[in-house]
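Working notes for the structure below.
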Amino acid sequence: MSASQQLDRTTELGLFNYARSFWEAGSYLINVHPKNARHPHAPITMLLCQAIELYLKSFLRLRGYSLEQLANLGHRYKALAKRAKTNGLAIADRDEQIIAFLADEEAFIQSLYIQTGRKRMLDYVPASARGHGDSLA
């Protein structure tokens, strides 16, 4: 199978389902409070950032973006969100603020590598404690 044929097999539904898997894993970790994890925020942030990126890319794929175009957008959350919004995705103000925060703080990269000192993080509150939906913070 050629490289272009393999790329064509990555559908918007496939990206969406992959995103959902990352989201569910991150949500699970938020709710179980791992007892022996010294930095539980790192894998949670990584999983949720990856989910957000894949959800946005799924939407853009649905709107006709090629995988090459999506790859060129990389992990740039603001650019992904802007393109998605331009293509008809309704993004709430709070979600735009979260996306901007993730981008400005380089949250995905920060979640992969330990760095000493202070850093800003999202406050992950379990959905059960909020009493609504799947949204962050």
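The values are calculated or read from the model by the stated rules, or taken from the named source; none is laboratory data. The structure presented is a predicted model; accordingly, all values stated were derived computationally and were not measured. Here the Cβ positions follow ideal geometry from the backbone for every residue, glycine too, while neighbour counts run over all protein chains shown.
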Residue in the range 48-71 that is surrounded by 11 or more Cβ atoms within 10 Å (Cβ to Cβ) and farther than 21 Å from residue 14 by Cβ present: no
Pick out the one residue from 37, 90 that is of a type in the set (A, V, I, L, M, F, W, C) and modelled with pLDDT of 95 or more. 90
Quick one: count up the residues across the range 41-60 that are under 17 Å from residue 16 (Cβ atoms) and more than 11 Å from the chain's Cα centre (by Cα). 3
Of (1) in a helix (DSSP H, G or I); (2) touching a residue at least 12 places away in the same chain (Cβ under 8 Å); (3) within 15 Å of the chain's Cα centre (by Cα), residue 13 fails just (3)
Hey, residue 46 hits all of (1) over 19 Å from residue 98 (Cα atoms); (2) among the aliphatic types (A, V, I, L, M); (3) modelled with pLDDT of 90 or more but one; which does it fall short on? (1)
Selected residue (criterion: surrounded by the most Cβ atoms within 10 Å (Cβ to Cβ)) from residues of the range 77-103 that are in contact with a helix residue (DSSP H, G or I) (Cβ under 7 Å, 6 or more places away or on another chain) and among the charged types (D, E, K, R): 83
Here the qualifying pairs (Cβ atoms under 8 Å; residues six or more apart or on different chains; first in the range 20-34 and farther than 9 Å from residue 47 by Cβ and modelled with pLDDT of 90 or more; second assigned to a helix (DSSP H, G or I) and of a type outside the set (A, V, I, L, M)) come out as none
Where in the range 61-120 are there helices (runs of 4 or more DSSP H), lying wholly inside it, with at least 2 residues that are under 19 Å from residue 16 (Cβ atoms) and free of Cβ contacts under 8 Å to residues at least 12 places away in the same chain? 67-73
